[in-house]
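Visitor: What follows is a single structure, and I will ask about it in a moment.
The values are calculated or read from the model by the stated rules, or taken from the named source; none is laboratory data. Predicted model only: the values in this text are computed from it and were never measured. Cβ placement follows ideal geometry from the backbone for every residue including glycine, while neighbour counts extend to all protein chains displayed. Heavy atoms of the whole protein, side chains included, go into the accessibility calculation; ligands, DNA and RNA do not. Shrake-Rupley method; radii C 1.70, N 1.55, O 1.52, S 1.80 Å.
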Amino acid sequence: MKKKKDEEKKVKTTTIDHYFKKKTDNQHGESSQSLHSQTHAKEEEGHQTHSFKWRWGDKKPINITCKKAVTVEESLRTSPNFQKIAQKNNNKELVITKDRKAISTHFPCCLIEQGELLTVMFIKPANRSKNRVRVAAQPQRKSSSDKLVTFHVATKGGKNIVKIIMSNTALKKEVEEITVYAYKGETVKQALKRDDRINKIILKKNCELSELSTEVNTEMSNPVDDLGGKSFKIILVDNSCQPDSQPGSLDDADMLLNESQRSVSDENQVNTQTTEERPMPNSSMTPETSPFHQIPNSEKMLNHLRSRFKDSVKQMKTQQKVSKLSDVQNLFRVEYGKNTQTCLEVKRVKRLMDLSKSVCQVRINGRAEGSGFLLFDKFVLTNGHVVENIYDQERGQLRGNVTVIFSFESLEETDSCGTVQVKTEVAAFEYHTDVPGYRCDWALLELCPDQALPDGLLKHFGFVRPSGGICIIGHPWGGVKQIDPCFIIPPDHRKQAVEKHREENKECIQLVTDAFFNSRQVLSYDTCFYFWSSGSPVFDEYCNVVAMHTGGYGYHNVQGQTQHTIEYAQPLSLIIEQIILKIVETGRFDVLREFLSCEYPEHQEVMENLKKIVDGRNLTAFKNAADNLEVQNDERLKTFFEFFSQREEPAPMDIN
């Protein structure tokens, strides 16, 4: 019953949050002005005008003057400079730091001191999902700074904590502590719930706050009043459920009803899209109309439900037992057939092991961020989103220290073994939606020629097949090099595969778009390669590299674990076409020369397909390049551009 009530409470809360999100999204319109005038009039009158500064990266600080009680994010969005930066990073999660500690986006601006400097950054959202819904800052509850308390929580867990305590693992890499604000009288648990950056699995267990300086513990049910300015680590007492609130503290339901500034997590954002519309709260809501108010004369009904509860539970357990038995039988039957099909010949395994030498891990400032592979000469191919955070598009350069390591196959490997430095200047880069259902997401990085490199995989290039087995080689979860054999899911079978997964996992939310279902420009499959495996090469049954693993559609199950419904890769043939178009457009003839020096069987077919694109789009860059002095002095380049200047049916191009 308690679980059911918690679920009902969650549904009502997400619906309330969705209501306030819609209001906030229109905060410059008439409806928002009406909402602010009704709910914040007194607060705005008592708010003192103050100024603070914010800075993005290594840019100079910018001053902001705040005249009314809003969230920090709302105040930042009054800055045109911030709006431009946010627009460029609309697929990412905003992080605001104060004194090197991350505050929430709904942090009250009244807690920012006069002239204080904030820094802003954007990190990959939880699950690195590109379907993440961005939530506008939520309006705040009426309260002045003297009724608020702030305390700090370490992003790494303390005693007995083995799980990641941050909902977004990327946050732990950027800051060591987060700052949590709370209203005097409420509990620690309520404050952490509103903050919404703590993994919800942690909040379900019997955890406590351990003060870093004194190691004195504070229970989650304890009021926050005396925690101001202190720093804590979350520790696990045991695996039991957390105790109820102490007498005199704010009740969870009361907090959820009166708090409209609660930040919405990725899971709640998804649930909001599929939840039925419920009556929305407003300023005139009374106890009789509140969704949390007890139904009059309901005690008799409650006693009746209690009497039936044991019988219902017994019946459900019986049904589950039968269902589980059937599921196990089906699992063995299906998996046996699958495993016999995925068996590989020894010579094919040896071949893949040899090709795996060209697969690398991409690291930014020493941290694993993705996978990649040597495509030709000294050029590594990976996904654009792997380096997007540090890529300066105007200059075409990387702002951080990027390295790749080809030999990370054991945890005993040292960082210096097989590590190669990446040049600051990027050879070519594309990261944007090109056509419905397909995203240009690749980066061609140039390595510093200071040590021997493995062979490039371009000479083993092949076209995507409509079905059959594939193997992905990369560094999932930022670990050692691994291989995953799986099967292609043809476009006509994608809906069926996703629906089957949804039926077997009731908490699965449909995120896959129709454009993806219908797209013929991606290779889809089901793999265990999730985070940090972006950029891995995909090999077909003949050990040809046919695609680059790019992403998937995921969600969190009820245990907080990451689950994926379907994954996809970009065909290498399309990426090669885009690379050539980009390096010709930018005049990187040095890169083009090295590409043409690498021979592979399908070269002529790739060039003919590319010529159709050039002719169809009437790309003048190819025509103009023929007159370039560098091209005229290189026979290989000259032959290449003459091929694209032909008007009649193209004859085979011999560049040797």
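Visitor: If packing is taken as the average number of other Cβ atoms within 10 Å across a peptide's residues, how do 166-172, 367-373 rank, most packed first?
Guide: 367-373, 166-172
Visitor: Mind scanning 378/623; 92/205; 67/88; 59/92; 378/459 and naming the pairs with a C-alpha gap bigger than 18 Å?
Guide: Over 18 Å Cα-Cα: 378/623; 92/205; 67/88; 59/92.
Visitor: For a Förster distance of 51 Å, can you work out the FRET efficiency between the beta-carbons of residue 206 and residue 586, rounded to the nearest 0.05?
Guide: 0.30
Visitor: Expressed as a rounded percentage, what relative contact order does the stretch 525-638 have, with Cα pairs under 8 Å and six or more residues apart?
Guide: 17
Visitor: Which value, in Å² and to the nearest 10, is the accessible area of residue 197 when all protein chains are kept and the probe is 1.4 Å?
Guide: My reading of the accessible area for residue 197 is about 30 Å².
Visitor: A follow-up question, please. Please report the accessible area of residue 99 (heavy atoms, 1.4 Å probe, ligands and nucleic acids excluded) in Å², nearest 10.
Guide: Surface accessible to solvent at residue 99 totals approximately 100 Å².
Visitor: For the residue pair residue 88 and residue 633, what label-to-label distance in nm results when each label sits 7 Å from Cα along the Cα-to-beta-carbon direction?
Guide: 3.5
Visitor: Under a 1.4 angstrom probe, counting protein chains only, how are 442, 532, 56, 477 ranked by accessible area, largest first?
Guide: Largest to smallest exposure gives the sequence 477, 56, 532, 442.
Visitor: Can you give the accessible area of residue 542, probe radius 1.4 Å, in Å² rounded to 10?
Guide: 140
Visitor: Let me ask you something else. Sort 567-573, 638-644 for me by packing, meaning the mean count of neighbouring Cβ atoms within 10 Å per residue, highest on top.
Guide: Top to bottom by mean Cβ count within 10 Å: 567-573, 638-644.
Visitor: Go through the stretch 383-400 residue by residue and turn each phi into a ³J(HN,Hα) via Karplus (6.51, -1.76, 1.60, θ = phi - 60°); whole Hz please, and just put x for glycine and proline.
Guide: With coefficients 6.51, -1.76 and 1.60, one gets 7, x, 6, 5, 10, 4, 4, 10, 8, 8, 5, 5, 8, x, 10, 8, 8, x Hz.
Visitor: Please work out the average accessible area per residue across the stretch 341-390, using the 1.4 Å probe convention, and give it in Å².
Guide: 38
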